[in-house]
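The values are calculated or read from the model by the stated rules, or taken from the named source; none is laboratory data. All values derive from a computational prediction rather than experimental measurement. Here the Cβ positions follow ideal geometry from the backbone for every residue, glycine too, while neighbour counts run over all protein chains shown.
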Amino acid sequence: MKPVNQKAWFLVAPVLLLVAFTAIIPLMTVVNYSVQYVATNAQFHWVGDLWYREVLHSEKFWNALWRNLVFSCIILAIQIPLGVLIALNMPRKGWGVPVCLVLMALPLLIPWYVVGMIWQMFGRVDIGLFGVMLRDFGYNYENDPIDAWFTLVLMDVWHWTSLVAMLAYAGLVSIPDAYYQAARIDGASKWSVFRFIQLPKMGRVLTIAILLRFMDSFMIFTEPFAVIAGGDPVFLSTELKQTVELGQKAAMSIIYFLIILLTSWVFYTVMTRDDGAPRPQGGVS
Amino acid sequence: MTFAWMGWTLPTALFFAFIALALLTLGVLTKLAPNNEPRVGILRVATQRGDRFFLSLLGSAFIHLAWIGLMPEDLPLWIATLASVVYAALVFRFA
């Protein structure tokens with residue numbers, strides 16, 4: 001029988017309070033708002049499922065949702081393999097390690113909005129290096145949604161691939177040398193080493209990388225806001241900003257929240273699956 | 001401090017009271033019925049009582065959204081609620 005110390009509750013209490021304040025009470029408020037019409041003088045009127053009906057029957061919402069999903073899939077399909085490839089080619093020891101790490105950390109330190117501004121300038125067809133170079137191919141992110149889309153993907157890849165690379169690198173350097181020695185004895189090819197040693201050992205960090213990159217790209221707001229000022233392509237967040245009614249915003253937020261909750265559950269399940277580790281016990285889990 | 005700014009309504013209050021009560025019940029059940037070993041069901045993942053409750057709630061939310069999104073407006077929403085109860089029962093039995 002393990003000793004039970006109820007005093008631990010006192011240590012958890014501040015966190016509970018904090019979570020209540022920052023998450024639970026606001027979430028409850030949003031749920032309340034989503035079923036009401038909120039007038040300007042903070043008068044509430046019950047409207048039932050009206051806002052949900054409006055959101056779920058709005059073509060703009062579905063287009064934005066698909067755009068978000070496609071965007072996340074594209075950047076995951078680029079960033080994860082690219083990040084792994086970079087990590088595989090990074091030096092393991094010597095002066096190259098700090099140089100690589102610092103260089104790769106640089107884009108991660110730049111705020112979203114600044115990245116947006118940089119690319120807004122960089123991509124301009126009159127004064128931006130990137131824009132001027134591509135101008136002859138008909139590139140103009142300001143009036144062509146495809147070009148705007150291309151710029152956003154490029155921007156995100158530039159901003160966040162190094163996060164994936166650094167996570168993958170952390171996974172790689174934690175592999176003991178014995179695995180490589182065994183592979184050498186067996187005469188394993190480079191591909192076999194990657195497929196049967198490096199990839200499985202990186203699995204856990206790559207799952208975290210995919211989760212982080214999915215979440216971050218799914219909530220994309222600042223970059224399209226900075227670059228194309230809410231024009232095409234419209235994402236969920238920019239669509240939310242254009243929505244006027246508080247109740248409708250609330251309904252959109254709840255739908256968004258449910259999608260994120262489902263995604264998180266899937267990732268949690270994948271991450272805790274098949275590893276035989278004991279799951280967190282107690283409470284309601 | 002008042003909570004008027006939260007815009008409470010009876011249905012949402014009942015909804016949250018239900019969730020709070022359910023969480024409390026789950027907490028009490030860990031004492032009363034400790035045989036809560038993870039079980040692998042048709043979802044092919046190990047679930048405990050709390051997981052099944054979470055899946056029931058999340059699934060119910062999507063059932064309601066699907067009902068609102070796909071069904072004509074004159075069909076009442078409580079049919080979706082009934083469907084959710086059936087779904088929850090299935091999750092608790094087979095998941």
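One table, with the values for the structure above:
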read-out: Scope region B:17-48; condition modelled with pLDDT of 90 or more and either at positive phi or at the interface with chain A (Cβ under 8 Å from one of its Cβ atoms) (or both); matching residues; value: B:Leu23, B:Leu26
read-out: Conditions (1) in contact with a Leu (Cβ under 7 Å, 6 or more places away or on another chain); (2) assigned to a loop (DSSP other than H, G, I, E, B); (3) aliphatic (A, V, I, L, M): number failed by A:Leu163; value: (2)
read-out: Tally of residues being facing chain A (nearest Cβ under 8 Å) and crowded, with 18+ Cβ neighbours inside 10 Å across region B:65-80; value: 2
read-out: A:Gly283 vs. criteria of a type outside the set (S, T, N, Q), modelled with pLDDT under 80 and in contact with a Pro (Cβ under 8 Å, 6 or more places away or on another chain); value: no
read-out: Options B:Ala33, B:Ala66: the member that is under 23 Å from A:Val266 (Cβ atoms) and of a type in the set (A, V, I, L, M, F, W, C); value: B:Ala66
read-out: Entirely in region A:1-87, the helices (runs of 4 or more DSSP H) that have 1 or more residues that are within 22 Å of B:Leu65 (Cβ to Cβ), without any contact (Cβ under 8 Å) to a residue 60 or more places away in the chain and not hydrophobic (A, V, I, L, M, F, W, C); value: A:25-34, A:50-56
